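Asker: Just passing along the structure, written as structure tokens.
Please treat every number below as a calculation from the coordinates, not as lab data. Keep in mind that this is a model prediction, so the values were computed, not measured. Cβ coordinates were reconstructed from backbone atoms using ideal geometry, including for glycine residues, and neighbour counts include every protein chain displayed.
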Amino acid sequence: MTNIRNIIDRIKKLENIKFDKEVADLLGIKQVRLSKWKARNTIDYEILKEYTDKKELNIDWLVSDNRQDDNKNMENHNGNIINNNNGTININSNVELSHAIHKEIQKLPTKKIEYFYHLIKAETLKEG
């Protein structure tokens, strides 16, 4: 049987968040409902499916209990991985990649952000 706490922890790692309230917000439910799920070790799979579809994730990957050291490295279902100073970020889709890039860019000074913006813009014009 799938441990609901593991699913919630995976969502937290994937979204780089810390609190159950943030998970509840992502799932579009109240924190009280999430707490009940944890207490009963049950989950509304329709809500979870909506989340995984929106994020372009494989629900089987998210709910699987067959994990190798889940706390160290969340392996994703298609093998795309980006390494950073904080460890490993798992990328399952272009949406997640964009989200991860956005988080990293926000850490940079404004001039660096502008520099990378112009590099990206130039590349898109070349491809255009």
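Asker: Using a Förster distance of 41 angstrom, determine the FRET efficiency expected from the C-beta separation of residue 6 and residue 105, and round it to 0.05.
Answerer: FRET efficiency, residue 6 to residue 105: 0.85.
Asker: Follow-up. Which pairs, out of 21/49; 12/111; 54/107, put more than 28 Å between their alpha-carbon atoms? Each step should come with its number before you reach the end.
Answerer: Details: 21/49 19 Å; 12/111 31 Å; 54/107 26 Å.
As for pairs spanning more than 28 Å Cα to Cα, those are 12/111.
Asker: Right, something else. Grab the beta carbon distance between residue 122 and residue 41, set R0 = 30 Å, and tell me the FRET efficiency rounded to 0.05.
Answerer: Result of the calculation: an efficiency of 0.05.
Asker: Can you give the net charge of the other residues whose Cβ lies under 10 Å from the Cβ of residue 19, counting K and R as +1 and D and E as -1?
Answerer: Around residue 19, the charge tally is 0.
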